[in-house]
Amino acid sequence: MVSAGRSGPWRTTCRDKESPSPSHPWPSAWRTWGLSSWKVWSLSLLSLFQEEGRLPGGSDSSQQGGHTVERKPLRGWRSLQWVLRGCPRPLFRWMGTGLLCTAYAAFLLTACLLDFQRALVLIIVTCVVLAFLAHSLLKRCLGPTLRKCAPLQGHPRLLLWFNRALALAAVLALALWLGLDTSQRPEQLVSFAGICVFISILFACSKHRHAVSWQTVFWGLGLQFVLGLFVIRTEPGFVAFQWLGDQIHIFLSYADVGSSFVFGEALVKAIFAFQVLPIIVFFSCIMSVLYYLGLMQWVILKELVPPPQIAWLMQITMGTSATETLSVAGNIFVSQTEAPLLIQPYLADMTLSEVHVVMTGGYATIAGSLLGAYISFGVDASSLIAASVMAAPGALALSKLVYPEVEETRVGSGEGVRLSYGDAQNLVEALSSGATTSVKVVANIAANLIAFLAVLAFINAALSWLGSLVDVPGLSFQLICSYVLRPVAFLLGVPWEDCPIVAELLGTKLFLNEFVAYQELSEYKRRRLAGAEEWVGARKQWISVRAETLATFALCGFANVSSIGIMLGGLTSLVPHRKSDFAGLVLRALCTGACVSFVNACVAGILYAPRGPEASCWGLLNRTLSSSSFEVYQCCRWAFQSTSLEFSPAARDNCCRFYNHTVCG
């Protein structure tokens, strides 16, 4: 054990390395550096010295001329004694870190000198990492001092009035912003009214209406709004998430190499299962490696300790406990069955309100592996990522509205929360474990798709037969959903002409699963981008960009009927004696998780604004076109409706090659 006099970060490091987790005899970084062999060598050296009676570091005495002569311990062996206790010498660590940093700085400088634009991404990543490290260092050094100097420290009454003033300022700012922004786009007010309607319904269904903490609810909705504002309306946020989505697209394309080798390139391009499902295997392997290296644990735990991130912000503003906040934060990256594993030691003692948060967070988000599959469909990557991040504070807020806390929580801070590194002993085993684990996920998805689509076809056939008996042709599950859920789609802010299709997608998501719904959404998007006719008879072939965006947010979540068994099975296997508690909360959590996705879409509807310059129709239509597109369709519709001489006969002839119209003759 390191002496109590040793201070600084080394004391924490040594304590952690002397108390390894049960699943690993050594932490991940030590296993990577191979320091177990260092310790074995050192212990062998120690046993050799003990056998010869010359143990360094201790006092040695001998008789010379009747006098006892004591040899003082050699200073060099003190460091060896420290090594033998389980910690390497700091000098070696600093030297290695310094050499690596110097090499990286030289590499970055060389890349910048050769091509600054090409190295811009690496520069941005480096600056972000340095900012986090600098913030962590400053908070560790100056945090206690700044907390003591806080003007409201120790003045609860002043802090209460400060919070009230801050809330009033936020409400006034929101009202002013809505008034100015919605003057150009009045449809945004519909989305705002949708938020009010959903919150009112959830409050009416609340378990303990008198115990609702409105501070928690409004802080959660405020964080959700701020995150959406950054991603959707600010140029840096939009560009950053768009860039992140593009990089994920490129990253996921590497899965085609493995699937093409196994199944053949023709099958991968032609068959859905060989095109999409291997991406889940690839993504699962990457997540397993990130857990083995400790990067995922760092990201998740860093949300509870400095530097502050989304979960830390949620915890201090909303007053939620560490365990429920950690579970919701973990749901951004993992699925509804994997997130509870992060807090497995605490599930037995969690209050019913905290368990409801865990369930709601699982229903309101999607897994990282499935995120890759949905992106491969062609669904907008930046909207998917933003929806998953924004759902975290929304899930906490609405869960505390539906099931407020009336018990005493047993975990108040994040100091005692620990995450395991999994069972893999090395990097190769982590890769193999990720691939093996994904097989169950892929098989589950394939089986569900086969079953649900077959059942849907049978239901549609039965409904069509029943409808024919009463002269209602074309009766189907989608048609029923398009009428029943049309008010919900309208409250999201979807244009009325697109509401039937979005309502069908919502019904597919709620009663089947989101996988099928996103696949159908991608088909509508593909038709729009291909420049297909908007209407074929009485059926719309695609929906507007605004409707696509809001549908992407509304479908982002596991809240469907088939997930009830998955949630109950996952939690019951971890804490069997609380099965009755889980069963009593699961339906309430399912409805709350669905409403979180709806409120998420409403926030996106308030903030959505068309982006990108409009195409020059005159220049586009007056050149030879080899294929149609959404821009071509818009320009041709304008040319067909225009009575001016702005468009030449050659431009209209270009349009008539792709679309039928009365002017085409």
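The values are calculated or read from the model by the stated rules, or taken from the named source; none is laboratory data. Please read these numbers as outputs of a predicted model, since none were measured by experiment. A quick note on method: Cβ atoms are made from the backbone with ideal geometry, for glycine too, and the neighbour counts reach across all protein chains shown.
Please state which one of Leu550, Leu571, Leu521, Leu587 is in a helix (DSSP H, G or I), in contact with a Cys (Cβ under 9 Å, 6 or more places away or on another chain) and either aliphatic (A, V, I, L, M) or over 30 Å from Ser629 (Cβ atoms) (or both). Spell out the reasoning first.
Values: Leu571 fails: in contact with a Cys (Cβ under 9 Å, 6 or more places away or on another chain); Leu521 fails: in contact with a Cys (Cβ under 9 Å, 6 or more places away or on another chain); Leu587 fails: in contact with a Cys (Cβ under 9 Å, 6 or more places away or on another chain).
Exactly one residue qualifies, and that residue is Leu550.
Counting just the residues of the range 197-238 that are of a type in the set (Ser, Thr, Tyr) and in a helix (DSSP H, G or I), which one comes out nearest to the chain's Cα centre (by Cα)? Talk me through it step by step, then tell me what you get.
Narrowing the range 197-238 to residues of a type in the set (Ser, Thr, Tyr): 200, 206, 213, 216, 234.
Applying the additional criterion that residues be in a helix (DSSP H, G or I) yields 200, 216.
Details: Ser200: 27, Thr216: 21 Å.
Within the range 197-238, the match that is nearest to the chain's Cα centre (by Cα) is Thr216.
With respect to Ala211, determine if the residue is under 17 Å from Tyr608 (Cβ atoms) and modelled with pLDDT of 85 or more.
Working: under 17 Å from Tyr608 (Cβ atoms): no; modelled with pLDDT of 85 or more: yes.
No, not satisfied.
Condition first: among the aliphatic types (A, V, I, L, M) and closer than 15 Å to Val494 by Cα. Now tell me which residues in the range 153-197 satisfy that.
At the first step, the residues of the range 153-197 found to be among the aliphatic types (A, V, I, L, M) are 158-160, 165-176, 178, 180, 189-190, 193, 195, 197.
Across the range 153-197, the qualifying residues are Leu189, Val190, Ala193, Ile195.
What about Leu590, is it buried (at least 24 other Cβ atoms within 10 Å of the Cβ) and not hydroxyl-bearing (Ser, Thr, Tyr)?
Values: buried (at least 24 other Cβ atoms within 10 Å of the Cβ): no; not hydroxyl-bearing (Ser, Thr, Tyr): yes.
It is false that Leu590 is buried (at least 24 other Cβ atoms within 10 Å of the Cβ) and not hydroxyl-bearing (Ser, Thr, Tyr).
Residues in the range 529-547 that are out of contact with any Lys or Arg (no Cβ under 6 Å at 6 or more places or on another chain) and within 30 Å of Tyr363 (Cα to Cα): how many?
Taking the range 529-547 and keeping what is out of contact with any Lys or Arg (no Cβ under 6 Å at 6 or more places or on another chain), we get 529-540, 543-547.
If we keep only those that are within 30 Å of Tyr363 (Cα to Cα) too, we end up with 543-547.
Counting residues in the range 529-547 that are out of contact with any Lys or Arg (no Cβ under 6 Å at 6 or more places or on another chain) and within 30 Å of Tyr363 (Cα to Cα) gives 5.
For the range 220-238, does any single residue satisfy the condition of being under 30 Å from Pro404 (Cα atoms) and at pLDDT below 85?
no
Limited to the range 521-549, what total is found for residues that are among the charged types (D, E, K, R) and either closer than 21 Å to Gly593 by Cβ or touching an Asp or Glu at 6+ places or on another chain (Cβ under 7 Å) (or both)?
Step one: list which residues in the range 521-549 are among the charged types (D, E, K, R), which gives 523, 525-528, 533-534, 539-540, 546, 548.
Applying the additional criterion that residues be either closer than 21 Å to Gly593 by Cβ or touching an Asp or Glu at 6+ places or on another chain (Cβ under 7 Å) (or both) yields 525, 540.
Total meeting the criteria: 2.
Output the helices (runs of 4 or more DSSP H) that fall wholly within the range 342-443 and possess 2 or more residues being modelled with pLDDT of 90 or more, or say none. Steps first, please.
On the way: elements: 352-364, 368-377, 381-402.
Filter on the range 342-443 gives 352-364, 381-402.
Please determine whether any residue of the range 592-608 is assigned to a helix (DSSP H, G or I), free of Cβ contacts under 8 Å to residues at least 60 places away in the same chain and not assigned by TED's automatic domain parsing to the domain that holds Leu398. So that I can check it myself, show each step before the final result.
Step one: filter the range 592-608 for residues assigned to a helix (DSSP H, G or I), giving 592-607.
Checking which are free of Cβ contacts under 8 Å to residues at least 60 places away in the same chain leaves us with none.
No, the range 592-608 contains no residue that is assigned to a helix (DSSP H, G or I), free of Cβ contacts under 8 Å to residues at least 60 places away in the same chain and not assigned by TED's automatic domain parsing to the domain that holds Leu398.
Inspect all residues belonging to the range 301-310 and state whether any of them is at pLDDT 70 or above, over 13 Å from the mean Cα position of the chain (by Cα) and aliphatic (A, V, I, L, M). I'd like the intermediate steps shown before the answer.
Residues of the range 301-310 at pLDDT 70 or above: none.
The answer is no, given that none of the residues of the range 301-310 is at pLDDT 70 or above, over 13 Å from the mean Cα position of the chain (by Cα) and aliphatic (A, V, I, L, M).
Within the range 513-566, work out how many residues are over 21 Å from Leu479 (Cβ atoms), of a type in the set (Val, Ile, Thr) and under 22 Å from the mean Cα position of the chain (by Cα).
4
Quick check on my filter: what residues within the range 524-545 are assigned to a helix (DSSP H, G or I) and closer than 27 Å to Ala559 by Cα? Quick ask: steps written out before the conclusion?
Taking the range 524-545 and keeping what is assigned to a helix (DSSP H, G or I), we get 524-529, 545.
Across the range 524-545, the qualifying residues are Tyr524, Lys525, Arg526, Val545.
Within the range 210-237, which residues are in contact (Cβ under 8 Å) with a residue 12 or more places away in the chain and over 18 Å from Leu396 (Cβ atoms)? Don't jump to the end; show me each part of the working.
Applying the first criterion (in contact (Cβ under 8 Å) with a residue 12 or more places away in the chain) to the range 210-237 yields 211-213, 215-225, 227-229, 231-233.
Across the range 210-237, the qualifying residues are Leu229, Val231, Ile232, Arg233.
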